[in-house]
Each structure stands twice: as C-alpha cells, then as structure tokens.
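What follows is a set of notes on a single structure, which appears directly below.
The numbers here are math on the coordinates, done by the rules we state, and not lab data. Everything numeric in this text was worked out from a predicted model, so none of it was measured. For neighbour counting, all protein chains shown are included, and Cβ atoms are generated from backbone atoms with ideal geometry for every residue, glycine included.
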Amino acid sequence: MEIDSQRIKNYLSTEFIGSEIYLYDKVGSTNDIAKGLAVNGCKEGAVVIADSQSKGRGRLGRKWESPAGVGIYLSIILKPERVIPQLTLVAGVSVAEAINRIADCRLQIADFKNPKSEIRNPKLVCVSLKWPNDILINGKKAGGILTEAISRGKIVIVGIGINVNNPTSSPLLQGGEWGGEGFPDELKDKATSIMIETGNRTDRNLLTAELLNKFEYWYRRFVKGGVHVIKIIKRWKELSDTLGHRKVKVNLGDKVFDGVALDLENDGSLLIQLNDGSLKKISAGEVCY
Ligand code: BT5
C-alpha cells in the first residue's frame, strides 16, 4: 500500500508530532528537506516523509539504502528548549515499541485505538536496540536513526529509516549494479526488514503513525527532564542488545577500544570496562560485536 498522509493522520493520536506532514514521492534526504522547512519557520512536530531517497544518509556521511515502495524514511522537526543528547535514544525506543506493536499483527483498528492492547507477533522474535542508533530485528539491522542539530542546537532533526517490506534479494541491473527493493550484496548478511523476519507485509501508514504516537509519548516526558529521563534510559536498557556484559570494540576516530559494555548512563553515554579493567564512558562512536 502507498504511503498516504491522510491514512497516517487517521491513526495518529498525537497533539503536535505529525500535526503537519510533508509527503514526497522521492527526495535526496528527508533530513535536508526538514532542515530547509525548519529554518523557514515551520512548526515543531512537523514531519517530512518520503517514499524513497536518492541520497539517504547515515552518520559520518555513510549511505542509507532507501528503495521505493518498501521502507519508512522520515524526519521529525524539533525545537527543544535545551540540547538533549539522548534524543537518538528516545527515537530508538519509539521505533522498537512501534514495531513490536504493529508489525505483522492482525491488529484491528478498535484494538489499535486502545493503547493497552499490546498484540505481539509471536514470529517477530526480537526487536532490540544497539547503541547508539541501530534498530535490530533478530540481531540484524532493520533501521537506523540520524539526529542532526542546526541553528546552534535550537533546531533538531530526528531522521528515522526502517526497512519494512524489503524482500531478501532483488535483481542486479545491467552492468551489475543493484537496482531493486532488496539489499545490495554488501548488506545482505547484516541488514534485514520486518517482512524478511515475519514473512508478512506491514502497513507502512499504520507503522508510521504508531511510531509518531510513541515518539510524542516519550519526547514529552523526556523534555520534562529529571525522573522522566531515567525512565527512558531504563526502557532503552530493557530493549538493549548492547548491554549485559557483551564484548565490544569501540571505534573512536582512529582509536579502537576493546572491552565489555556495562551500562547506559543517564546522559545517554555507554559505559565500557576496558580489558585492563579501567572504565571508559563513550558519548559517541561506533560499537562492533
Ligand atoms: C544510520 O547510520 O543507521 C542512520 C540511518 C538514518 C536513515 C534515515 S532515513 C530518513 C532520514 N533521512 C536521511 O537521509 N537519513 C535518515 P549509520 O549508523 O551510520 O549506519 C549506516 C550503515 O548502515 C551503512 O554504512 C550500511 O552499512 C548500513 N545500511 C545502509 N542502508 C541500510 C539499510 N537500508 N538497512 C540496513 N543497513 C543499512
């Protein structure tokens, strides 16, 4: 089914996230469109959604594969009063909870409107979060978050990509170039989609709406600070794939640290015990395991 802003709105129960939806067939990057809208005065909570991206990107300029008709690529415009480094974690929790609730379950609309009805799909074995910005299903990457701040942190764009109905493989175009809805060869072992893991298609409109519902729920609590921040950190830990004394390698620029992931701090950084026994707090970087 096509992405349709009216259908998304029908499922929304938010007050400001998604109050304006800018829907595009194809863009370079939704984060760039969102930045343009934000500096031109568009409201907090406006959301840019595209069916495909030609220049979808991850962190450090890496590419985000964004084929048409199968994924969710969206950017939320926020104007927080203070810089909130943990926004990527807020988004991660929201994505994981939305996938858990919506993916492949034959949820009736009446159930959907009842926030207490958590119908988990038994086939969707495990949605989890990898620090700092990956969404994993059954241990493979099914989504990612790219949070970017502009105007000295007054505007924050939270970009979210989710592989929803991508099939396992797609034909190579003439010349050997990848050209379909599946994953290019170099990603086949580490990327997945909701459909690959469940065997069924998910309605992208419903999942988008639920993601925005969850995001508003957590974001509102988060900006209040204090105990609310601790709650989201706790929720992230429950959904985490990274913690639990897992052996990790952390790449920080040209340095690599080996150790075990001990904990997530309240400021969103990762606490690692290095092999020599010392503790290291990491606020940004790349974790491999
Ligand atoms: C991310 O970066 O995971 C953040 C991705 C954010 C994408 C959204 S889509 C809407 C918004 N507009 C944008 O332009 N971006 C955001 P990072 O942690 O750097 O991971 C990037 C790496 O993930 C790549 O180098 C690949 O190895 C892998 N990758 C690329 N496309 C993928 C895909 N569709 N599914 C799984 N892995 C992918």
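Which order, highest average first, do 85-96, 19-30 follow once you tally other Cβ atoms within 10 Å for each residue and take the mean per peptide?
Values: 85-96: 25.2, 19-30: 17.2.
Going from most to least packed, we get 85-96, 19-30.
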Report the residue, chosen from Ile49, Ile230, Ile102, that carries the largest GNM mean-square fluctuation when the chain is represented by alpha-carbon nodes joined by springs under 10 Å. Ile230
Note down the nm distance, to one decimal, between modelled labels 7 Å out along Cα→Cβ at Ile150 and at Glu186. 2.8
Cα centroid of segment 257-289 to Cα centroid of segment 1-33, whole Å: 36
Going 7 Å from the Cα of Lys43 along its beta-carbon direction, which residues of segment 51-86 have the amide nitrogen within less than 16 Å of the resulting point? 76-80
Net charge (Lys, Arg +1; Asp, Glu -1) of residues whose beta-carbon lies under 9 Å from that of Lys141, Lys141 excluded, is +2
Would you mind telling me which residue in Asn31, Asn266, Asn165 has the biggest mean-square fluctuation in a Gaussian network model of the chain, where springs connect alpha carbons within a distance under 10 angstrom? Asn266
Across segment 13-22, in residue order, what do the Karplus-derived ³J(HN,Hα) couplings come to in whole Hz, using 6.51 cos²θ - 1.76 cosθ + 1.60 with θ = phi - 60° and x for Gly and Pro? 10, 8, 9, 9, 6, x, 5, 10, 10, 9
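For the chain, what is the calculated [θ] at 222 nm in deg cm²/dmol (nearest 500), taking -39500 (n - 2.57) for each run of four or more DSSP H residues and dividing by its residue count?
Values: 7 runs with 77 residues, N = 289.
Mean residue ellipticity, 222 nm, calculated: -8000 deg cm²/dmol.
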Over the chain, with a Gaussian network built from C-alpha contacts below 10 Å, which listed residue (Gly139, Gly253, Gly225) shows the highest mean-square fluctuation? Gly253
Order of Arg101, Arg152, Arg62 under a 10 Å beta carbon neighbour criterion, fewest first: Arg152, Arg62, Arg101
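Quick check: from the Cα gyration tensor, does the chain come out rounded (a/c under 1.5), prolate or oblate?
rounded
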As an exercise, use a Förster radius of 22 Å and the Cβ-Cβ distance of Ile230 and Glu286 to find the FRET efficiency, rounded to the nearest 0.05. 0.25
Global form of segment 188-289, assessed from the alpha-carbon gyration tensor, a/c cut-off 1.5: oblate
Could you compute the FRET efficiency for Leu23 and Lys55, with r as their C-beta to C-beta distance and R0 at 30 Å, rounded to 0.05? 0.95
Separation in nanometres of the label points that stand 7 Å from Cα toward Cβ, at Asn200 and Lys63: 3.4
